[in-house]
Amino acid sequence: MEINASTSESEGTKEEVRKVEMKTLREVMVKIGLERIDMQKGITVEVLLDSGAIGLVMSSEFAKKQEFKLKRLERPMQVRNVDGSFNKEGPIEHTVEVNIYFKGHRKRTEIDIIGGQKWTVILGMPWLACHNLEIDWRTGKVKMTRCPEECGKQWRPTQRKFG
């Protein structure tokens, strides 16, 4: 994104033109490990971190291709898209139970299965809030420095000796 700002006073005066370049990311993609609980089989996959998503979702096409064991929900959940419309693929009817591995941290969770997705997996606010990530929106770098104890790995500053 580029923002141009210019000012000019009266005729014959210098014209000042300032150019501000903003290079910020709108989405952050990271690689995670996904472990199938039923087979203890793991794969690496690129996922979208999305603070606008109210859940964790996996595309039905990806789940089928990777042969995840689907668990049927007692009641289907209607899904609305960002624009407020209902998802054309219908409600969420299944979930998968997985372990998510990222930067030495592990989280066992269920991910909703939904059709017609552009992304293989989206990690939304439940996962983001649980781990309270530090995200540099300019570089896309993600740090896991504020995780809860149940992650099994907490960040500790390096102890240095002086003198």
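The values are calculated or read from the model by the stated rules, or taken from the named source; none is laboratory data. None of the values given here were measured: they were computed from a predicted structure. In this analysis, Cβ positions are derived from the backbone assuming ideal geometry, glycine residues included, and neighbour counts consider all displayed protein chains.
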Flagged pairs (Cβ under 8 angstrom, 6 or more apart or on separate chains; first in segment 106-123, over 15 Å from residue 55 (Cβ atoms); second among the aliphatic types (A, V, I, L, M) and outside any strand (DSSP E or B)) are 108/37
State yes or no: is residue 130 among the hydrophobic types (A, V, I, L, M, F, W, C), at pLDDT below 90 and within 13 Å of the chain's Cα centre (by Cα)? yes
Filter segment 55-98 down to residues that are of a type in the set (Gly, Ala, Ser) and not in a loop (DSSP other than H, G, I, E, B) and give me whichever is surrounded by the most Cβ atoms within 10 Å (Cβ to Cβ). 63
I'd like the full set of residues that are among the polar types (S, T, N, Q) and more than 26 Å from residue 145 (Cα to Cα), limited to segment 104-119. 117
Subset of segment 102-127 [of a type in the set (A, V, I, L, M, F, W, C) and either more than 12 Å from the chain's Cα centre (by Cα) or buried (at least 18 other Cβ atoms within 10 Å of the Cβ) (or both)]: 102, 111, 113, 114, 119, 121, 122, 123, 127
Filter pass, residue 26 being farther than 17 Å from residue 107 by Cβ, within 26 Å of the chain's Cα centre (by Cα) and modelled with pLDDT under 80: yes
From the set of residues in segment 71-104 that are aliphatic (A, V, I, L, M) and in contact with a strand residue (DSSP E or B) (Cβ under 7 Å, 6 or more places away or on another chain), which is modelled with the lowest pLDDT? 79
